[in-house]
Amino acid sequence: MENISKLNHAKAVLIMHIFLFTISLSLLPKFFASQGYSLPKVVLAYMLASSCAVVMLCIIPKYNLKYSLMGGLAAYLLVNVALFLNLVPFSYIAYVLLICLPTSLYWIPLNYQYFNNSQKQKNGTNSSLYLVVSAIFGIILPPLSAIIIKYGGYNWLFGVTALLYLIPIYYTYKYVPTVSINTKLTEALSKFKRLKTITLMEGIFAYFFIIIPIYVLLFITDTLYYGMFMGYIGLIGGVVAIGVAYLSDKSGKRMSYLWPLFLFLAACIFGMYFVGDGIYWMILIGIFALFNGISNSLRMALSMDVKEIDLDFWRAREIFLNLGRVIALGIALILFYYQHYEWIFLFYGMIALAYPFMVRYKYRELK
């Protein structure tokens, strides 16, 4: 019963946070653009944040399930306060320095609680249920954020969100247990053997959905249309992801789903390079969103299938995910600086093509 209670509390904190994060930060590239930052500088903000996150993940030796979560949520609150002030360059710098904190303080203890009792036969379904909340909120909240910004301004959006973060902070203080867990970096990295390269590639691939909102600022400048676009790319994939994850759990043959998914994802991304930024590009990004939503839960489940899911696992996973993000954003930064924007699709297409081959090479025993 205690484990069920912990899981329910983790779900509650997760849902509250995803709601607040999505409504306040899904249009962040548009906010920075409105402050006069160029697209390369917007990419740089995300890259610096991921770099700082790697440093934080390497130096924090101990996690308390209650107070670490509260610290991570408080950091999100302060991010919204910094953005609410809308000061150049303070808001930009404060975002970079603060947003790295929740990567270690919030996500590691939350993942630990959520997946602590997950079994291999349910890893895919648990992962998809975990991700479908983001998909549902990703449909509704970005257009709502755009409406708030259009009629109330960014100050309303960030100010109200900062206040609302007091709710999950209080909930965490009241219901999440005070349990401290030590973790050693060397042990965490050693236990993560054979997953390092795969997770690095996963981090690169996952940030395609950070690059896209920045890229579309080239041709979508109206806030309302931008919010509608973000809702469009969140529209498809959540429900289908649960179904595919359930089938992969039942059959135990995740690789048989992974091969066609990533071949199709690679084809979609390469297609974006060749069709330009017209209606066909929009169709391709919608198709990509569908199949990427399906692949998200499978990618997470594959990692959990082959390792013990403890706090060391989540710490090492976050380190390599963020290293992958730094690499992806560093390459994007160079391409955006020299205005070779479309080349980013060639890079991501090659990552999508290589990922299932790398998984097969590292884990030949997977079905």
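I'd like to know if the range 284-291 contains one or more residues that are assigned to a helix (DSSP H, G or I) and small (G, A, S). The answer is yes, given that some residue of the range 284-291 is assigned to a helix (DSSP H, G or I) and small (G, A, S). In this structure, does T161 turn out to be assigned to a loop (DSSP other than H, G, I, E, B) and either of a type in the set (D, E) or touching a residue at least 60 places away in the same chain (Cβ under 8 Å) (or both)? Here the answer is no, as T161 does not meet what is asked.
One residue stands out among those in the range 80-114 that are within 22 Å of A33 (Cα to Cα) and of a type in the set (F, W, Y): the one that is surrounded by the most Cβ atoms within 10 Å (Cβ to Cβ), which is Y95. Only one of the listed residues (G231, G227, G237) is in contact with a helix residue (DSSP H, G or I) (Cβ under 7 Å, 6 or more places away or on another chain), modelled with pLDDT under 75 and not acidic (D, E). That residue is G237. Residue check: is L311 modelled with pLDDT of 75 or more and in contact with a strand residue (DSSP E or B) (Cβ under 8 Å, 6 or more places away or on another chain)? Against the criterion (modelled with pLDDT of 75 or more and in contact with a strand residue (DSSP E or B) (Cβ under 8 Å, 6 or more places away or on another chain)), L311 qualifies. Just one residue in the set K193, K150 is out of contact with any Phe, Trp or Tyr (no Cβ under 8 Å at 6 or more places or on another chain), modelled with pLDDT under 95, within 22 Å of Y361 (Cβ to Cβ) and not hydrophobic (A, V, I, L, M, F, W, C); that residue is K193. Does the range 340-354 contain at least one residue that is of a type outside the set (A, V, I, L, M, F, W, C), touching a residue at least 40 places away in the same chain (Cβ under 8 Å) and touching a Gly at 6+ places or on another chain (Cβ under 6 Å)? No, because not a single residue in the range 340-354 is of a type outside the set (A, V, I, L, M, F, W, C), touching a residue at least 40 places away in the same chain (Cβ under 8 Å) and touching a Gly at 6+ places or on another chain (Cβ under 6 Å).
Going by the structure shown, is L77 buried (at least 17 other Cβ atoms within 10 Å of the Cβ), at pLDDT 95 or above and within 23 Å of I212 (Cα to Cα)? In short, no. Within the range 306-343, work out how many residues are farther than 21 Å from M272 by Cβ and buried (at least 18 other Cβ atoms within 10 Å of the Cβ). Selection size over the range 306-343: 15. Of K41, K62, all but one fail to be of a type in the set (D, E, K, R), at pLDDT below 95 and out of contact with any His (no Cβ under 8 Å at 6 or more places or on another chain); the exception is K62. Residues that are surrounded by fewer than 16 Cβ atoms within 10 Å (Cβ to Cβ) and modelled with pLDDT of 90 or more within the range 266-281 comprise just one, F274.
Could you say whether any residue in the range 149-168 is among the polar types (S, T, N, Q), surrounded by 22 or more Cβ atoms within 10 Å (Cβ to Cβ) and closer than 26 Å to I309 by Cα? The answer is no; no qualifying residue exists.
The values are calculated or read from the model by the stated rules, or taken from the named source; none is laboratory data. Predicted model only: the values in this text are computed from it and were never measured. With ideal geometry, Cβ positions are generated from the backbone for all residues, glycine too; neighbour counts draw on all protein chains shown.
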